[in-house]
Amino acid sequence: MPHSPELAFLGNFLDRCANHRTDEDWLGRLLERPTTRHIHMNGDKTVIIDEKLQTFPHANSPERVLLGIDGNGSGWFASSTESQENLMDLRSLAVAGLLPQGELAILAQARSLLHWHERHGFCANCGAQTEMRDAGYRRHCKTCATDHFPRTDPVIIIAVRHGNRMLLGRQNSWPEGMYSTLAGFMEPGETIEEAARREVFEEAGVRVGDIRFHSNQPWPFPSSLMIGLIGEALTDDIVIDPKELETARWFDKVEVQSMLGGTHVQGLKAPLPLAIAHHLIRACLQSS
Ligand SMILES: [Zn+2]
């Protein structure tokens with residue numbers, strides 16, 4: 001039976017054991033426990049059999065990362081595989097609601113961390129090979145003694161409203177009729193509010209004043225953190241940047257409600273509940 005559609009990739013139930021990760025003896029003992037479980041990932045896909053997450057008694061590679069320890073004291077690790085058998089990708093798993101929310105969140109952690117390791121085998125400072133340390137939360141370059149740490153990329157995503165209307169846009173690569181909130185990567189030296197105001201003005205030409213934080217979501221494609229905001233527009237003239245958006249416009253509440261409910265007369269759609277955009281839009285509808 002599918003699990004109820006919710007904001008995906010939240011609810012990771014593992015203790016990440018950050019204080020123990022540098023202790024090789026502790027790590028060795030954990031790996032030897034018979035209840036230790038290993039997830040195998042191929043890119044953003046993992047092994048699903050009979051609609052359940054498959055875990056294995058052994059890692060698929062010496063470069064295995066510690067995800068954490070569950071409530072029964074069992075260690076969870078992840079490693080990369082090139083196997084193509086019985087795989088399902090994270091987005092499809094989230095849409096289908098096959099897995100408990102916490103397992104999907106653990107897979108997001110595994111995917112983002114492994115993706116970083118797969119692309120940081122060489123030192124960005126001197127070009128020499130790097131080695132995994134701290135159970136996967138550091139790579140070390142012995143040649144120049146530089147440490148490298150896994151990255152998380154903050155992305156602002158904002159529902160902008162003007163009175164009773166909401167600003168939504170679409171990119172031409174999206175499914176037909178899909179509209180969503182505007183979003184973009186934060187840049188170095190920016191506050192969250194500055195990034196949000198810059199993105200909305202760049203993409204749609206709308207000036208935003210007050211902004212409040214709503215919620216946030218890990219987004220493992222490959223390693224973002226979506227920072228969900230609600231902002232009040234100061235202006236309502238729209239000038240889109242065609243490099244970013246195909247179109248953008250103001251939608252009234254009745255129209256947005258029909259998009260969320262799948263009853264829009266022209267077939268326009270809003271994002272599914274697995275995405276934070278859905279919840280930002282819904283929050284805007286419910287507020288005055
Ligand atoms: Zn180096």
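The values are calculated or read from the model by the stated rules, or taken from the named source; none is laboratory data. What you see is a predicted model; the values in this text were computed from it and never measured. Don't worry about glycine lacking a Cβ; one is built from the backbone with ideal geometry, like all the others, and counts go over all protein chains shown.
Tell me the residue from VAL95, VAL65 that is closer than 30 Å to GLY169 by Cβ and either outside the structural domain of ASP210 (by TED's automatic domain parsing) or buried (at least 19 other Cβ atoms within 10 Å of the Cβ) (or both), please. Steps first, please.
On the way: VAL65 fails: closer than 30 Å to GLY169 by Cβ.
That would be VAL95, the only listed residue that is closer than 30 Å to GLY169 by Cβ and either outside the structural domain of ASP210 (by TED's automatic domain parsing) or buried (at least 19 other Cβ atoms within 10 Å of the Cβ) (or both).
Could you tell me whether PHE9 is surrounded by fewer than 16 Cβ atoms within 10 Å (Cβ to Cβ) and assigned to a loop (DSSP other than H, G, I, E, B)?
Here the answer is no, as PHE9 does not meet what is asked.
Being assigned to a helix (DSSP H, G or I) and either at pLDDT 95 or above or surrounded by 18 or more Cβ atoms within 10 Å (Cβ to Cβ) (or both) narrows it down to one residue among TRP26, TRP76; which is it? Before the answer, list the steps.
Details: TRP76 fails: assigned to a helix (DSSP H, G or I).
None of the other options fit; the residue is TRP26.
Those residues that are more than 18 Å from ARG170 (Cβ to Cβ), outside any helix (DSSP H, G or I) and more than 25 Å from the chain's Cα centre (by Cα), I need them from region 237-288; list them, please.
Of everything in region 237-288, those that are more than 18 Å from ARG170 (Cβ to Cβ), outside any helix (DSSP H, G or I) and more than 25 Å from the chain's Cα centre (by Cα) turn out to be ASP237, THR263, SER287, SER288.
Give just the number: which of (1) over 21 Å from TRP174 (Cβ atoms); (2) in contact with a helix residue (DSSP H, G or I) (Cβ under 6 Å, 6 or more places away or on another chain); (3) surrounded by fewer than 18 Cβ atoms within 10 Å (Cβ to Cβ) does ILE211 not satisfy?
The single condition ILE211 does not satisfy is (3).
Regarding PRO188, is this residue surrounded by fewer than 22 Cβ atoms within 10 Å (Cβ to Cβ), touching a helix residue (DSSP H, G or I) at 6+ places or on another chain (Cβ under 6 Å) and not basic (Lys, Arg)? Steps first, answer last, please.
Values: surrounded by fewer than 22 Cβ atoms within 10 Å (Cβ to Cβ): yes; touching a helix residue (DSSP H, G or I) at 6+ places or on another chain (Cβ under 6 Å): no; not basic (Lys, Arg): yes.
Considered against the rule, which asks whether it is surrounded by fewer than 22 Cβ atoms within 10 Å (Cβ to Cβ), touching a helix residue (DSSP H, G or I) at 6+ places or on another chain (Cβ under 6 Å) and not basic (Lys, Arg), PRO188 comes out as no.
Could you go through region 28-45 and let me know if any residue there is among the basic types (Lys, Arg), touching a residue at least 40 places away in the same chain (Cβ under 8 Å) and over 13 Å from PHE77 (Cβ atoms). Walk me through it before giving the result.
Of region 28-45, the ones among the basic types (Lys, Arg) are 29, 33, 37, 45.
Remaining after also requiring touching a residue at least 40 places away in the same chain (Cβ under 8 Å): 33, 37, 45.
From what's left, over 13 Å from PHE77 (Cβ atoms): 45.
Looking for residues that are among the basic types (Lys, Arg), touching a residue at least 40 places away in the same chain (Cβ under 8 Å) and over 13 Å from PHE77 (Cβ atoms), one finds at least one in region 28-45, hence yes.
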